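What follows is one structure encoded as structure tokens, with my remarks underneath.
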Amino acid sequence: MTRRTIESGEPIYSNKALAGPNHALSIKSPMQSYLQRFDADFAPKLNKRAKTFRLMFELLEANCRDFIKIVETGCVREEGCWDGDGCSTVLFNDYVKARGKFSSVTSVDINADHLKLAKQLVNPKGEWFHQFVLQDSVAWLGQRPGCGSIDLLYLDSFDFDPQNPHPSSLHHLKELAAAQKCLIPGSIIAVDDNHADGTGKGRYVHDYLNDLGIPILADDYQKVWIWK
């Protein structure tokens, strides 16, 4: 396994042996304790997503901005479904609460029932740092002028059908295109639900970013890149 620094702009890990408790990045943030919390409380539940979610949090921890902004498309739709759906909404909410300093999460979904459950699980008091948007994700991202920089764009909205992969793959590419005005050098892009045969939600995103010369950091069930 070849290991490189974030500053190089090159892939951090050259194969699928991604970040873990014994292979941590050199984190400049004072919040190293969050990775300990992740390893203890969340990683054991996440199975195939554990290493790549940890990588996302390592990258966020290396971000020296006073506050970070996470946008996810799609949201948690079943309580405790860690292995099935990943519970990204729960993870991101937990992280921004731990980080504080005006960090925030926005969850965008077209299903009102999913959003209702997500609010009940992570933000029943309606605190400002986690916003929930009932709208098509592409439309919301595209219509929102001056949305501010996004530090982590997590794409997981349109269910993937192996018998008809094109609609989901195309939708996630459209989300990236719509959000591109909000990306800055160092922004993290991640797409869930990808498969060993090359199909998945991130298939077209992968091809597009490869054409732009942006190397992939993690090519697994979740794909991860850093925007240049």
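Rule-based calculations on the coordinates, nothing more; no lab input. All figures in this text were calculated on a predicted structure; none of them were measured in a lab. With ideal geometry, Cβ positions are generated from the backbone for all residues, glycine too; neighbour counts draw on all protein chains shown.
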To the nearest 20 debye, what charge dipole does region 152-194 have about its Cα centre, counting +1 at the Cβ of each Lys and Arg and -1 at the Cβ of each Asp and Glu?
300
Relative pair counts by distance (%), Cα atoms of region 29-226, 10 Å bins
9, 38, 41, 12, 0
Can you sort GLU175, GLU78, GLU58 by how many other beta carbons sit within 10 Å, fewest first?
GLU78, GLU58, GLU175
Other residues with Cβ under 13 Å from the Cβ of SER149 give, with Lys and Arg +1 and Asp and Glu -1, a net charge of +2
Gyration tensor over alpha-carbon atoms, region 125-180, equivalent ellipsoid semi-axes in Å
24, 14, 10
Between the DSSP loop rule and a limit of at most 11 other Cβ atoms within 10 Å, which chymotrypsin sites (Phe, Trp or Tyr not before Pro) in region 123-152 are left?
TRP128
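As a footprinting exposure proxy, order ASP159, ASP192, ASP39 by other Cβ within 10 Å, with the fewest listed first.
Details: ASP159 11, ASP192 25, ASP39 15.
With the fewest neighbours first, ASP159, ASP192, ASP39 line up as ASP159, ASP39, ASP192.
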In the structure shown, do any of LYS45/LYS228; LYS51/LYS125; LYS69/LYS174; LYS116/LYS228 have a Cα-Cα gap over 28 Å, and if so which?
LYS45/LYS228; LYS51/LYS125; LYS116/LYS228
Test item: Cα-centred dipole of region 29-226, Lys/Arg +1 and Asp/Glu -1 on Cβ, debye
620
